[in-house]
Amino acid sequence: MKATVTWKDLLGNRREVIVTVITLVVLVATLTSYASFLKGIELRPGLAFRDPLHTLIGPVDLTWPIFLILYGALIGAIGLLVRQPIVLFRAIRAYTILVALRMLCMWMLPLDPPSTMIALSDPIVQLFTTEGASTLTRDLFFSGHTATLVLIGAVVPNKTFRRVYYGLAVVIAVMVLAQHVHYTIDVLVAPMAAFFAAYLVGGYSIRY
């Protein structure tokens with residue numbers, strides 16, 4: 001089925017309806033597992049090291065700019081894709097894979113936060129992972145903020161918006177490094193994970 005089909009077309013196709021339901025069920029199951037996983041990660045000690053970039057910039061508290069850019073971009077992406085349900089659900093499948101990849105990477109490489117970190121408090125994430133009681137500090141490898149924006153850029157069909165999201169990903173990457181929320185390796189691996197997730201679902205990959 002082509003990406004330009006309407007919701008009416010999708011809902012009239014039994015196979016696509018089944019795929020859509022499975023997509024949503026897997027997303028919910030993955031995010032539920034992710035929330036529990038993040039709670040466990042906070043209790044597990046990991047590796048800490050001195051990041052050369054942290055000696056050059058920051059730490060600077062950019063919590064609110066990061067929050068506004070990320071969620072503004074997410075709302076914008078939903079607005080862009082809501083009229084293209086095939087692309088929308090392709091993006092959801094890619095995001096589900098991205099979350100699973102992030103869990104795998106964090107499990108394989110547990111990291112302690114940089115000693116100079118200014119904690120990034122995300123009330124929406126905290127609502128589902130810590131019930132607002134504390135801020136996550138060990139969800140490091142790889143940067144979810146950076147990867148999410150790269151992923152949107154990788155799947156959105158419009159070339160102009162693709163460039164906008166790649167640009168926003170760069171801005172966010174610089175910000176999380178300046179706030180010492182992530183190590184440089186967290187940010188460098190994020191785009192690779194996002195492109196891989198997009199590739200697996202037949203997204204637009206790295207086209208610029």
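The values are calculated or read from the model by the stated rules, or taken from the named source; none is laboratory data. All values derive from a computational prediction rather than experimental measurement. Using ideal geometry, Cβ is built from the backbone for each residue, glycine included, and neighbour counts are taken over all protein chains shown.
Of the residues making up region 49-66, those that are out of contact with any Ser or Thr (no Cβ under 7 Å at 6 or more places or on another chain), of a type in the set (A, V, I, L, M, F, W, C) and in contact (Cβ under 8 Å) with a residue 40 or more places away in the chain number 5.
Here the condition is being within 24 Å of Leu177 (Cα to Cα), surrounded by fewer than 20 Cβ atoms within 10 Å (Cβ to Cβ) and not hydrophobic (A, V, I, L, M, F, W, C); of Pro114, Pro65, it holds for Pro65 alone. Confirm whether Leu38 is under 22 Å from Asp186 (Cβ atoms), more than 17 Å from the chain's Cα centre (by Cα) and touching a residue at least 60 places away in the same chain (Cβ under 8 Å). In short, no.
Residues checked against (1) of a type in the set (Lys, Arg); (2) modelled with pLDDT of 95 or more:
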| residue | (1), (2) |
| --- | --- |
| Thr137 | no, no |
| Thr148 | no, yes |
| Asn158 | no, no |
| Arg162 | yes, no |
| Val176 | no, yes |
| Gln179 | no, yes |
| Tyr183 | no, yes |
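From the list Leu74, Leu88, the lone residue that is without any contact (Cβ under 8 Å) to a residue 12 or more places away in the chain, touching a helix residue (DSSP H, G or I) at 6+ places or on another chain (Cβ under 9 Å) and assigned to a helix (DSSP H, G or I) is Leu88. No other residue among Thr55, Thr23, Thr32 is β-branched (Val, Ile, Thr) and either farther than 22 Å from Leu104 by Cα or within 15 Å of the chain's Cα centre (by Cα) (or both) apart from Thr55.
If you go through region 91-110 and keep only what is closer than 24 Å to Met175 by Cβ and either in a helix (DSSP H, G or I) or at pLDDT 95 or above (or both), you end up with Ala91, Ala94, Tyr95, Leu98, Val99, Leu101, Arg102, Met103, Cys105, Met106. Going through region 37-54 one residue at a time, which ones are more than 16 Å from Val181 (Cα to Cα) and either in a loop (DSSP other than H, G, I, E, B) or at pLDDT below 90 (or both)? Once the filter is applied, which keeps residues that are more than 16 Å from Val181 (Cα to Cα) and either in a loop (DSSP other than H, G, I, E, B) or at pLDDT below 90 (or both), region 37-54 yields Lys39, Gly40, Leu43, Arg44, Pro45.
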